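Data block below; observations after.
The values are calculated or read from the model by the stated rules, or taken from the named source; none is laboratory data. Predicted model, so just to flag it, every value in this text is computed and none were measured. Every residue, glycine as well, gets a Cβ built from its backbone with ideal geometry; the counts of neighbours run over all protein chains shown.
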Amino acid sequence: MKNEAQLTENTSVLRTEHIVKLFGGLRAVDDVSIHLNRHEILGLVGPNGAGKTTMFNIIAGAFRPTSGQIYVNDVRIKKPVAHKMAKLKIGRTYQIVQPFSNLTVLENTMVGAFINTSSPKEARKKAAEVLDTLELSHKADTPGKDLTLLDLKRMEVARALATDPKILLLDEVMAGLNLTGSDMMMGVIRGIQKSGVSIIIIEHVMRAVMGLCERIYVLSQGKLIAEGTPMEISNNQQVIESYLGAKKHA
């Protein structure tokens, strides 16, 4: 596997080739090939049911693809299971935040850190560092059940960062947030990118997608229908009709 010094900004750190996922007769993902460059923020968008979260589940090892390949730093992952993908430094958040309600923010974040250590002392240290980075230290002793939606979302990101990822999958971390909360989360994501993490985001807040992403893939009914810069995607007629359900008028 390539070391850090050998990787360039245009090197693909994650690549999927011809991924298919069947659930019975349903093709939830249908021949999807994407790549993520080093230190890039990549968007994965599309209507509900397009297959976006299924792709995250496949990349993170929660689902085995029916067919297709996954490569991390150009190395094919023969059996992409969750613990193996986590050890390969792939972290993720979940669309529906499910904190341990009676645990504090610090303790919730420690759960992520235990992927890399069995020492409570080390896990606590890592969790505290992440909370400090995300400006959540003042909530460290707050139980999960007492958090606002914004703080729950930030804690979900903190738990993922505590796994020490090089690739981070963010699944609708701005869903339900107001404008101020979305702006704060956009700042968090930019900070994570600057720390050296490559990011894929699933998001319906298009202002955030257009403002954060260097490239965007669009899925519809399990198929990849477009790839391009935010400007290219916003002017793509097929995307407009599939995602927005309307034709663009001259």
Q.
Residues to consider are LEU14, LEU44; find the one that is under 13 Å from the mean Cα position of the chain (by Cα) and either closer than 20 Å to ASP164 by Cα or not in a strand (DSSP E or B) (or both).
A. LEU14
Q: Filter region 1-52 down to the residues that are polar (S, T, N, Q) and at pLDDT below 95, then identify the one that is nearest to LYS78 (Cα to Cα).
A: SER12
Q | strands (runs of 3 or more DSSP E) completely within region 141-246 that count 2 or more residues being free of Cβ contacts under 8 Å to residues at least 40 places away in the same chain | A | 223-228
**Q.** Neighbours by Cβ (under 9 Å, 6+ apart or cross-chain): first from region 95-112, free of Cβ contacts under 8 Å to residues at least 12 places away in the same chain and farther than 15 Å from ALA123 by Cα; second aromatic (Phe, Trp, Tyr) and in a loop (DSSP other than H, G, I, E, B)
**A.** none
**Q.** Filter pass, LEU168 being under 22 Å from GLY46 (Cβ atoms), of a type in the set (A, V, I, L, M, F, W, C), modelled with pLDDT of 95 or more and surrounded by 13 or more Cβ atoms within 10 Å (Cβ to Cβ)
**A.** yes
Q: Mind counting the residues in region 111-134 that are more than 17 Å from LYS89 (Cβ to Cβ), assigned to a loop (DSSP other than H, G, I, E, B) and at pLDDT below 95?
A: 2
Q | Qualifying residues in region 109-139 (those that are of a type in the set (Gly, Ala, Ser) and in contact with a Leu (Cβ under 8 Å, 6 or more places away or on another chain)) - the one nearest to ASP151 (Cα to Cα) | A | SER137
Q.
Anything in region 74-87 that is part of a loop (DSSP other than H, G, I, E, B) and without any contact (Cβ under 8 Å) to a residue 60 or more places away in the chain? List them, or say none.
A. ILE77, LYS78, LYS79, PRO80, VAL81
